[in-house]
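Participant: The following block contains the structure, expressed as structure tokens.
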Amino acid sequence: MLSILKGIWVILSHTFRRRVTVQYPDVQPIMPPRYRGRIVLTRDPSGAERCVACYLCSAVCPVECIALQAAEDEHGRRYPEFFRINFSRCIFCGFCEDACPTYAIQLTPDFEMGEYVRQNLVYEKEHLLISGPGKYPGYDFYRMAGVAIGGKDKGEAENEEPPVDVRSLMP
Amino acid sequence: MAVIYIDNRPYTVKDGQNLLQACLGLGFDVPYFCWHPALGSVGACRQCAVKQFKDEHDTRGKIVMSCMTPAADGVRISIDDPEVREFRASVIEWMMINHPHDCPVCDEGGECHLQDMTVMTGHVHREYNFPKRTFRNQNLGPLVNHEMNRCIHCYRCVRFYRQYAGGRDFDALAAHDHVYFGRSEDGVLENEFSGNLVEVCPTGVFTDKTLKRHYSRKWDLQTAPSICVHCGLGCNTIAGSRYGQLRRIRNRYNGEVNGYFLCDRGRYGYEFVTGDSRIEQPLARPERSAALERVARGEALQRAASFLRDRGRVIGIGSPRASLEANYALRRLVGPDRFYLGVSTEDYRMTAAALKILQAGPARSPSLKEVRMADAALVLGEDVTNTAPVLALALRQLVHPKADAAAKTFDLPSWSDAAIRELVQDEKESLFLATPAHTKLEDAACQTYHAAPDNLARLGFAVAHRIDPASPAVPDLAEEVDRLAEEIAAALVSAKRPLIVSGTGCCSEAMLQAAANVAWALCRRGNPALLSLVLPEANSIGLGLMGGGDLQSAFQALREERADTVVVLENDLYRRESAAAVDAALQLAKHVILIDHTRHAMAEKADLILPAATFAEESGTLVNSEGRAQRYYQVLLPKASVQPSWRWLGLLNEPASGTADEELFKLDGILADIAGELPQFRPILEIAPPSGFRMMGQKVPRQSPRSSGRTAIDAKENVSEPKPPEDPDSPLAFSMEGDEGLPPPALIPRFWAPGWNSDQAVNKFQAEIGGALRSGDPGKRLIEPQVGAQPDFFQTVPTVFEPHDGRLLLVPLYHIFGSEPLSALSRGIAELTSGRYVALHPADAAAQKIAEGDTVQLELDGISLELPVKIAASLPPGVAGLPSGLPGMEHVALPSWCTVTTILQTPPLAPPQNGEGVGGGVGAQS
Ligand code: SF4
Ligand code: SF4
Ligand code: SF4
Ligand code: SF4
Ligand code: FES
């Protein structure tokens, strides 16, 4: 008997407390910028695709929901021929972002990914690639790498000497 | 046996090793770069440092290079000593000073020895912030990619390319910290083994250029143990696939066979599997004159059943490039007396002769390991570089008599590579070459002799007579040939492990007999001579052992109306007999069923084509020229209705009711049938475990535990991922699930061990470093010599070759790239394939005023060919050379006499054509 009264009292007391429930979707929650939501592929400062198709994100993914195929343009720049994430499997752990050596793959605060048809949760590159650099505005992997690509020859990366003249004997 | 102490614990190791080998063999992780089990030690990289102590009271010790220090009895070392650990970490730090920030875009990544060693030594942070040195790359042709920035200057590449493989067009160039590994200028690497640089180089300087077009990381490749199908040697390979497509071939270590290396034909010939000429659907024509059209699988089977209704009138034509299982299934379908081997009369005769010599004689057919350990060799008539490439590589490794002696006199261990080379200098090993024309092995030989096939055989008979006068003498022998015979005989007699190499390349039975006489003469003297006979195709010996008639007898059966339906198995008959003969025979057949994976001229004649699996899509058995039966395993699932030939043939064998249950046709069943019916094949059951074999109750996974994308690969079509496909034929699974323990040697799908992602992980699979795999190298020999037998010597010595008036003897010349039809369909190889030509001796050409590049007409019994001329000074006068089997060349039975007439002279000012390297592969492009 006493416990029942106690219960009623607790419930009544909540009537006068401050509400924590947000009236979503009428009210949009504010997510912290590092929230791990929808995954995007970003571009480097020059606007080129950042992903170099190194396969590290797909290797690290614990649910194996990333598949891609590497390709190379005629000047030696690598890019993914296709890039697929099956979001019906993704657990938003962020390992792919951690593993990515180029800051290409990033998780964003967008969590509104619900679909009625599960098949629609399979995202291809055109659904993933955004037009900006995302959270890391400055980084351009090819400025650091030693490979030559269109517009960046050998010896033109950051902190590189011009290519050696192998026919020279000068010290 | 020696006892060494590692960090104060005693270990017993085999004598004659260095400390690095011994430590790796014991399972310790000592980082290294420049040492390679096949190349020996030079002490160049300083990575393998350990601390050595004088005795148990020595606490200071000194740092030594483990690869340069013998693992002698009582040696005390420490791998874990803090000072030596720091030393090793510094060495790698220095190597990394100029290393580019490339791993994500480096094809070596994920199987990079440099990555592994960096992690192993614990170097994680780069403190050097000065600018990095850079290099320009070279275009080294369609097979090998060059990215010189990644070099750590370990010198492995030059040591392999120049010293091990005998290449000349690649070197360490420039000086001090600019040393550059490449050619003097851009251009195709000339050596036939250049692809091994990809595996030998511990970094990403050299990578597989064909893989680059469809790149996949090692961890993502679905791999299975496979066998190379591009010549008779049967090198062991690891085939790797991704997204249902064959992506690359790597070496699979087999101590008895290929060891650490493959040839470029074997490594890069795989792209025919994904090529445009694949047959992927059953095709049929409603009537003879109609075009082929796609039919459904069921309908194809029904048609086949109707063609085969009258079994007594069906003949089967097998193939030396198809598996034992497929040939057997065909033999069972048509009956043993209606089964034909599908080889030309000459091939048939040569294979039979070779088999007889190996089975009845006392000389053993050596494994390639035994070839590498021989100390004198005579090559009779065979251009091994182009017909059995890895055999040529093995012949370059003959034990030098001086090195052998030095091991004893100076206590110089065999792994001390630089010291031994210093000692041997430019002296050649006891390798004697007798071939019709120049071959690329010649720079390694101490004597070479070019002559017409009959004269080569005469040399062989003369050598045999010198060794044992009971063997027939050679009349009218020229004096210098006699002297050469004497020299060869002396070298062979004084050798401990003499080797005779010959083969079917010259299509001369006398040559095989001469080789047999030499080997048998040695055996009679008590020298255990080895006799290696090169056979042309992947399963030539297997087919020979199975038995059956040649192609002409099949044609005869059609002519005599004993049969009217032909089932052709994986065979292009137009490469075996003249087009006229094949046309005439097939004209007589009411129905022609072709089972093959690749389109060729036969497709035009077939009424029904069933799509067969390639080596990558089926499991089966091949018998190599040594007589070793080896199993290869399916790597990927074939497209829609493609299936192994043996399964098609099993289905055809069912009564036409169409109730055939495919599950009945499993590899195990057919293997048991073969072994039951043909006792010569009984050992094939022991090559590898049966399909029911399990490790800890599980299959052996074809995918690595890191394999990625399982839930995304097929998601585009269907978001619910399918269950992994079953493999009823083998203990391997199409999945990453399974037991990760050490599988039996025949089932090793990849070389990987924790911390060892590169193929150097093979150390962990060997019982002894550089020796056999744990539990033995796979494969079972089906032919053994009659030890102690003294068969009669062959008595028919050919007469001296006389050039005929106005006619030339046409002999076949071989090209590593082009003479084998399947590899020639692969993109990289196709780029390097020589154009058609006829090679003439300068004197013969001058006699008819023919110049290099002229077009001539070649007339030989009933066939006339128009070909451009190459002048080859190494050919004997009166002999002309015709490249064998190049794409687009019609079949010509060789050797045969021909006449040559000029039909088009090149204008005198035309640019000179590439005149070098007849029968030489890369050098002979046109
Ligand atoms: S880790 Fe980054 S660069 Fe590599 S494949 Fe994934 S997204 Fe591309
Ligand atoms: S060679 Fe190895 S360490 Fe160097 S970039 Fe390539 S993968 Fe990385
Ligand atoms: S190219 Fe490779 S094998 Fe050659 S020295 Fe450099 S790292 Fe060593
Ligand atoms: S030698 Fe023959 S079997 Fe070996 S890799 Fe080359 S083609 Fe293949
Ligand atoms: S491996 Fe010993 S010094 Fe290079």
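Participant: 5 Å is the cut-off here: which amide hydrogens, built 1.01 Å from N in the peptide plane, fall below it relative to B:Thr237, excluding neighbours closer than 5 in sequence?
Facilitator: B:Ser226, B:Ile227, B:Cys228, B:Arg252
Participant: Going by accessible area, probe 1.4 Å, with all protein chains left in place, what is the ranking of B:Asp739, B:Asp337, largest first?
Facilitator: The residues order as B:Asp337, B:Asp739, largest area first.
Participant: Rounded to the nearest 500 deg cm²/dmol, what is the calculated helix-only ellipticity per residue at 222 nm for chain A, with -39500 (n - 2.57) per DSSP H run of length n ≥ 4?
Facilitator: -4000 deg cm²/dmol
Participant: Mind listing the long-range amide H neighbours of B:Leu810? Cut-off is under 5 Å, sequence gap 5 or more, other chains count too, H placed in the peptide plane at 1.01 Å from N.
Facilitator: B:Ala880, B:Ser896, B:Trp897, B:Cys898
Participant: Also, I was wondering about something else. When the helix-only estimate is applied to chain B (DSSP H runs of n ≥ 4, each -39,500 (n - 2.57), divided by the residue count), what is the mean residue ellipticity at 222 nm, nearest 500 deg cm²/dmol?
Facilitator: -7000 deg cm²/dmol
Participant: Shifting gears a bit: Work out the mean other chain Cβ neighbour count within 10 Å for the residues of B:168-175 and drop it here as an integer.
Facilitator: Across the residues of B:168-175, the mean count of other-chain Cβ atoms within 10 Å is 2.
Participant: Another question, then. Relative contact order of chain B, please, whole-number percent, based on alpha carbon pairs below 8 angstrom and at least 6 residues apart.
Facilitator: Once normalised by length, the contact order is 14 percent.
Participant: Counting heavy atoms of the protein chains only and a 1.4 Å probe, report the per residue accessible area for the protein assembly as shown as a whole number of Å².
Facilitator: Computed with neighbouring chains in place, this is 40 Å² per residue.
Participant: If you don't mind, another one. Summarise the accessible area of the protein assembly as shown (1.4 Å probe, protein heavy atoms) by the percent that is carbon and sulfur.
Facilitator: It is 53 percent, rounded to a whole number.
Participant: Which of the three applies to chain B, rounded, prolate or oblate, going by the alpha-carbon gyration tensor with a ≥ b ≥ c and a/c under 1.5 meaning rounded?
Facilitator: oblate
Participant: Something else: If I take R0 = 51 Å and measure r between the Cβ atoms of B:Met889 and B:Glu717 in this structure, what FRET efficiency does the formula 1/(1 + (r/R0)^6) give, to the nearest 0.05?
Facilitator: 0.70
Participant: Between A:Leu5 and A:Ile91, what is the FRET efficiency for a Förster distance of 41 Å, r being their Cβ-Cβ separation, to the nearest 0.05?
Facilitator: Computed FRET efficiency for A:Leu5 and A:Ile91: 0.35.
Participant: Sticking with this one: For chain B, what is the percent of antiparallel DSSP beta bridges, rounded to the nearest 5?
Facilitator: 55
Participant: Given B:Asn145, B:Thr134, B:Tyr180, which one lies farthest toward the positive end of the charge dipole of segment B:128-213, if we put +1 on the Cβ of every Lys and Arg and -1 on the Cβ of every Asp and Glu?
Facilitator: Most positive-ward Cα: B:Thr134.
Participant: Estimate the FRET efficiency between B:Asn8 and B:Ala851 by the formula 1/(1 + (r/R0)^6), using the beta-carbon distance for r and 45 Å for R0, to the nearest 0.05.
Facilitator: Between B:Asn8 and B:Ala851 the formula returns 0.05.
Participant: Report the label-to-label distance for A:Ser13 and B:Gln447 in nanometres (one decimal), using points 7 Å from each Cα along the Cα→Cβ vector.
Facilitator: Here the answer is 11.1 nm between the modelled labels.
Participant: Something else: State the antiparallel share, in %, of DSSP beta bridges confined to the protein assembly as shown, rounding to the nearest 5.
Facilitator: Roughly 60 percent of the beta bridges in the protein assembly as shown run antiparallel, per DSSP.
Participant: Which of the peptides A:156-167, B:533-544, B:596-607 is most tightly packed, and how do the rest follow, going by the mean number of other Cβ atoms within 10 Å of each residue?
Facilitator: Final packing ranking: B:533-544, B:596-607, A:156-167.
Participant: In addition: Which ³J(HN,Hα) values, rounded to whole Hz and listed in residue order, are derived for segment B:812-825 from phi using the Karplus coefficients 6.51, -1.76 and 1.60 in 6.51 cos²θ - 1.76 cosθ + 1.60 with θ = phi - 60°, glycine and proline given as x?
Facilitator: Rounded to whole hertz, the list is x, 10, 10, 10, 4, 9, x, 6, 9, x, 6, 4, 5, 7.
Participant: Please say if segment B:114-221 is rounded, prolate or oblate, where rounded means a/c under 1.5 for a ≥ b ≥ c the square roots of the C-alpha gyration tensor eigenvalues, and otherwise the choice is prolate for a/b larger than b/c and oblate otherwise?
Facilitator: Oblate.
Participant: Given the pairs B:Lys218/B:Lys699; B:Lys14/B:Lys402; B:Lys209/B:Lys780; B:Lys132/B:Lys428; B:Lys54/B:Lys408, which span a C-alpha to C-alpha distance of over 31 angstrom in this model?
Facilitator: B:Lys209/B:Lys780; B:Lys132/B:Lys428
Participant: Given charges of +1 on the Cβ of Lys and Arg and -1 on the Cβ of Asp and Glu, with all other atoms neutral, how large is the dipole of the protein assembly as shown about its Cα centre, in debye to the nearest 20?
Facilitator: With Lys and Arg at +1 and Asp and Glu at -1, about 2960 debye.
Participant: Using a simple spin-label model with points 7 Å from Cα along the Cα→Cβ vector, what separation in nm is obtained for B:Gln680 and B:Ala405?
Facilitator: 4.4
Participant: Fully extended, how many nm does the chain gain between B:Asp668 and B:Arg559 (0.36 nm per residue separation, minus their Cα-Cα distance)?
Facilitator: Using 0.36 nm per residue and subtracting the Cα-Cα distance, I get 35.5 nm.
Participant: About the Cα centre of segment B:128-213, how large is the charge dipole given +1 on each Lys and Arg Cβ and -1 on each Asp and Glu Cβ? Please answer in debye to the nearest 20.
Facilitator: 260
Participant: Can you work out the Karplus-derived ³J(HN,Hα) for every residue in segment B:160-171? Use 6.51 cos²θ - 1.76 cosθ + 1.60 with θ = phi - 60°, whole Hz, and x for glycine or proline.
Facilitator: My calculation for segment B:160-171 gives 5, 5, 8, 7, 7, 9, x, x, 10, 9, 8, 7 Hz in order.
Participant: Still on this model: At 7 Å along the Cα-to-beta-carbon direction for both B:Ala470 and B:Ile903, put a label point, then send me their distance in nm to one decimal.
Facilitator: 5.5
Participant: Once the Cα atoms of helix A:2-14 and of chain A are each reduced to a long axis, what angle between those two axes, in degrees from 0 to 90 to the nearest 10, is obtained?
Facilitator: 50
Participant: Among B:341-347, A:73-79, B:863-869, how do they line up from the highest to the lowest mean number of other beta-carbon atoms within 10 Å?
Facilitator: B:341-347, B:863-869, A:73-79
Participant: Same structure, new question: Under 5 Å between amide hydrogens, which residues at least 5 positions from B:Ala733 or on another chain qualify, with H placed 1.01 Å from N in the peptide plane?
Facilitator: B:Val700, B:Arg702
Participant: For segment B:37-92 and segment B:99-113, what is the separation of their Cα centres, given in Å?
Facilitator: If we compute the Cα centre of each part, the gap is 28 Å.
Participant: Same structure, new question: Count, for each residue of B:144-151, the Cβ atoms from other chains sitting within 10 Å of its Cβ, then give me the mean as a whole number.
Facilitator: Across B:144-151, the average partner-chain Cβ count within 10 Å equals 3.
Participant: In whole Å, how far is the Cα centre of segment B:810-841 from that of segment B:770-786?
Facilitator: Measuring centre to centre over Cα atoms gives 33 Å.
Participant: Calculate one ³J(HN,Hα) per residue across segment A:104-115 by plugging θ = phi - 60° into the Karplus curve 6.51 cos²θ - 1.76 cosθ + 1.60, and present them in order as whole Hz with x for glycine and proline.
Facilitator: Once rounded to whole Hz, the list reads 6, 8, 9, 8, 10, x, 6, 10, 7, 10, x, 9.
Participant: From other protein chains only, count the Cβ atoms within 10 Å of every residue's Cβ in B:482-494, then give the mean.
Facilitator: That average works out to 0.
Participant: From largest accessible area down, sort A:Ser131, B:Ser367; use a 1.4 Å probe on the protein chains.
Facilitator: A:Ser131, B:Ser367
Participant: How would you rank B:182-190, B:114-122, B:448-456, highest first, on the average number of other Cβ atoms within 10 Å across their residues?
Facilitator: Going by the mean number of other Cβ atoms within 10 Å, highest first, we get B:448-456, B:114-122, B:182-190.
Participant: Moving to a separate point now. For segment B:348-537, give the magnitude of the charge dipole about the Cα centre (Cβ charges: +1 Lys/Arg, -1 Asp/Glu; no others), in debye to the nearest 20.
Facilitator: My answer is approximately 680 debye.
Participant: Something else: What do you reckon, how do B:Tyr270, B:Tyr164 stack up by accessible area (1.4 Å probe), largest on top?
Facilitator: Of B:Tyr270, B:Tyr164, the descending order of accessible area is B:Tyr164, B:Tyr270.
Participant: May I pose another question? Averaging sequence separations of C-alpha pairs under 8 Å and six or more residues apart, then dividing by the length of segment B:2-96, give the relative contact order as a whole percent.
Facilitator: Relative contact order, segment B:2-96: 35 percent.
Participant: Give me the distance between the Cα centres of segment B:467-541 and segment A:118-155, rounded to whole Å.
Facilitator: Here the two parts' Cα centres lie 64 Å apart.
The values are calculated or read from the model by the stated rules, or taken from the named source; none is laboratory data. All figures in this text were calculated on a predicted structure; none of them were measured in a lab. All Cβ positions, even for glycine, are placed from backbone atoms using ideal geometry, and neighbour counts span all protein chains on display. Ligands, DNA and RNA are excluded from the accessible area calculation, which covers all protein heavy atoms including side chains. Shrake-Rupley method; radii C 1.70, N 1.55, O 1.52, S 1.80 Å.
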